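Scroll down for the structure; my scribbles are underneath it.
The values are calculated or read from the model by the stated rules, or taken from the named source; none is laboratory data. Since the model is a prediction, treat every value here as computed from it, not as a measurement. Neighbour counts are summed over all protein chains in view; Cβ atoms, including those assigned to glycine, are modelled from backbone coordinates with ideal geometry. Calculation scope for accessible area: heavy atoms of the full protein, side chains included, ligands and nucleic acids excluded. Shrake-Rupley method; radii C 1.70, N 1.55, O 1.52, S 1.80 Å.
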Amino acid sequence: MSLGSLRIVLGLLIGIFITACDQEIDWNSTDISGIMPDLSLALVNTEGAQVTEKDFTGKMNVVFFGYTFCPDICPATLAKLRMAKRQLSPEQQAEINVLFVSVDPDRDTPEHLKRYIGSFGPGFVGLTGTQEQLQSMVRRYRVTYGYGKPDEYGSYEVSHSSAIFVFDPTGNARLLAKDTMPTEALADDLRRVLETS
Amino acid sequence: MADVFQSLLTFWIPWEFSFFTVVFYSLAAGLYWRGIRHSRESGRQISLWRQFGFYTGILLCYFVMHTEYDYYAQYMFFMHRIQHLVLHHLGPFLIALSLPFGVLWSGIPGRIRQFLVPYGNASFIRGSYRVLQYPPVAIVLFVGLIFFWLTPEIHFVAMLNQNLYQLMNWSMLLDGLLFWWLIFSPYHPGGVGHIHYGWRILVLVLIMIPQNLLGAYITFSESMLFDVYDVCGRAWPLAPMTDQIVGGIMTWIPPAMMSVVGILILLGRIRSQAVERNDPPGVDGQLVAPGRA
């Protein structure tokens, strides 16, 4: 690499920091405005009906990829999202959808997904789809998933993204939150996205 | 059987198509092929070893950059480390060892070549090349790039942003070519950016030390250093720690081996130079073909 390309790298990095500072908001999560594409999806809901992003825009959407047989990350993250939501005012809570996208459609039938997501309360939406539908969605947000080998009981692990994507009510990508961040910090960011959109 | 055959074929479909990549590799292969034909016509033989080294080098680099391999490199840390091992070490190592630049140059159509000559001789280009190939600069660039892209915060954005990702991979490949050309170019006293084989051995030893330290640090780190693979998901369920350990080993052992192999090749050249000095002149010893060295 030449010094010229080094300059480009530094320029790009500085550019990223400047755009981050430009917002004047010190987010707890990563600002992805203008970096990640708008909310767009074509999936199946827990009633087995085809849905698109149009069914969800108008409210803020928090998107998380996982699967219901997930032993740790998914239930923990969904529980964290529920707790973060509860720290907001009732009006704000009503303005948030949590879209849980199962990347394990073989086991997560709409009925199964409905039972699972129902336990997290109102505003939690279970979605899944065909492999083509899921692939096109994860590719759009530069994440992925994969399956492990089934054991003797036929159960298998699924690798998936642990990112929490936050889209504002108009569907613009705003934040990428990590599942490891404190609940208060997450609630704080969700509130500020609602207030700035 | 048909399934295996089909997946072998579909593996070659680029994960993210890049026009620039296609042009770069087609030009490299096309010019080299023309260059070989040209040298055959003018009675100069380029050994099959050298041709094999060149084509293997560019095929390996193309494979890790522009096939389904690229998908695995984006979603698995250790696959990413293997990708950079090929782009920064193995591929450029083979390409530089095959001494391809004379062949590539003669593969350029005559009129374009004449157009390019003034640029090749321009003092700005020769000056920058001399700076880049000045050993301390070359060492800092070679090792610095590895450290730079493995800085956790920078690694995070590079894996998320497609343009930065491309920049990262190309910077590794171009620096790899510059570095290994510094190591393997035939020695002409006073040539632009030429240092004696003994100094080159020292350079190879010096780059080994920080690479070993970094590789060992990643391998033995008890915390997860690169969480972007958790954030984006792994290509298949592999324990994150296993991924990091294998990736650390890939940053540590094979690059050190490449330095050792490079040193052995250079020692071979020093020996054949010494033999030449005792032999009557007339032996063509300036270009040592790989395999014979």
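Explain nothing, just the number: dipole magnitude of the protein assembly as shown about its Cα centre with +1 on each Lys and Arg Cβ and -1 on each Asp and Glu Cβ, in debye rounded to the nearest 20. Working shown, then result.
Working: 34 positive and 39 negative charges, 492 e Å.
For the protein assembly as shown, the charge dipole is close to 2360 debye.
Here the range B:140-177 is scanned for amide nitrogen atoms under 17 Å from the site 7 Å beyond the Cα of B:Ile253 along Cα-to-Cβ, giving none.
Give the average, rounded to an integer, of partner chain Cβ atoms located within 10 angstrom of each Cβ in B:232-242. Numbers along the way, then the final one.
Values: counts 12, 15, 6, 4, 9, 10, 4, 1, 1, 0, 0.
Partner-chain Cβ atoms within 10 Å, mean over residues of B:232-242: 6.
Taking the alpha-carbon centroid of each part, what is the distance from the range B:133-147 to the range B:1-75 in angstrom? Measuring centre to centre over Cα atoms gives 27 Å. Straight-line cross-link reach from A:Lys54 at under 22 Å between alpha-carbon atoms covers these lysines, not counting any fewer than eight positions away in the same chain: A:Lys114. The distance from the alpha carbon centre of the range A:137-183 to that of the range B:170-208 is 44 Å, rounded to a whole number.
Per atom type, chain B shows carbon and sulfur on 71% of its accessible surface, probed at 1.4 Å.
Shape summary: chain B maps onto an equivalent ellipsoid whose semi-axes, from the alpha-carbon gyration tensor, are 34, 24, 18 Å in decreasing order.
Residues A:Phe124, B:Phe142, ordered by accessible area of protein heavy atoms at a 1.4 angstrom probe radius and largest first, appear as A:Phe124, B:Phe142. Partner shielding of A:153-163 amounts to 4, given as the average count of beta-carbon atoms from other chains within 10 Å of each residue beta-carbon. Using a 1.4 Å probe over the heavy atoms of the protein chains, calculate the carbon and sulfur portion of the accessible area of the range A:29-195 as a whole percent. Ligands and nucleic acids excluded, carbon and sulfur reach 53 percent. Compactness check for the protein assembly as shown: Cα Rg over 2.2 N^0.38 Å is 1.16.
Determine which lysines satisfy two conditions relative to A:Lys178: a Cα distance under 23 Å, and not lying fewer than 8 residues away in the same chain. Reachable lysines: A:Lys59, A:Lys80, A:Lys85. Nearest 0.05, what FRET efficiency do B:Phe17 and B:Asn278 give at R0 = 56 Å with Cβ-Cβ as r? For B:Phe17 and B:Asn278, the calculated efficiency is 0.50. The angle between the Cα long axis of helix A:131-140 and the longest principal axis of the Cα atoms of chain A comes to about 20 degrees, rounded to the nearest 10. Heavy atoms of chains A and B lose about 2400 Å² of accessible surface on contact, summed over both sides with a 1.4 Å probe. Computed about its Cα centre, the charge dipole of chain B is approximately 1380 debye, with only Lys, Arg, Asp and Glu carrying charge at their Cβ.
Packing-wise, with mean Cβ within 10 Å as the measure, how do B:15-22, B:130-137, B:244-251 rank, highest first? Mind dumping the intermediate values first?
Values: B:15-22: 13.2, B:130-137: 14.9, B:244-251: 21.2.
In descending order of packing, they fall as B:244-251, B:130-137, B:15-22.
Fully extending the segment from A:Ser197 to A:Lys54 would add 49.7 nm, taking 0.36 nm per residue of separation and subtracting the current Cα-Cα distance.
Helix check for chain B. Which DSSP H runs span at least 27 Å along their own axis by Cα, with a mean Kyte-Doolittle hydropathy no less than -1.0? Provide the component values of the computation, followed by the final result.
Working: long enough: B:19-41 (33 Å, 0.25); B:162-184 (33 Å, 0.77); B:197-220 (35 Å, 1.41); B:240-278 (58 Å, 0.64).
Those that pass (Cα extent of 27 Å or more, hydropathy at least -1.0) are B:19-41, B:162-184, B:197-220, B:240-278.
Distance between the 7 Å Cα→Cβ label points at B:Leu202 and A:Ser40: 5.7 nm.
In chain A, a dipole from Cβ-located charges (positive for Lys and Arg, negative for Asp and Glu) runs towards its positive end, and of A:Ala84, A:Ile117, A:Ser159 it is A:Ser159 whose Cα lies farthest in that direction. Selection among B:Thr10, B:Met241, B:Met208 by position relative to the dipole of the protein assembly as shown gives B:Met208 as farthest towards the positive end (Cβ unit charges, Cα centre).
In summary, the aspartates and glutamates within cross-link reach of A:Lys149, defined as a Cα separation below 19 angstrom excluding same-chain residues under 8 places away, comprise A:Asp72, A:Asp104, A:Asp106, A:Asp108, A:Glu157, B:Asp3, B:Asp243. Note that the protein assembly as shown presents 48 Å² accessible area per residue, ligands and nucleic acids not counted, probe 1.4 Å.
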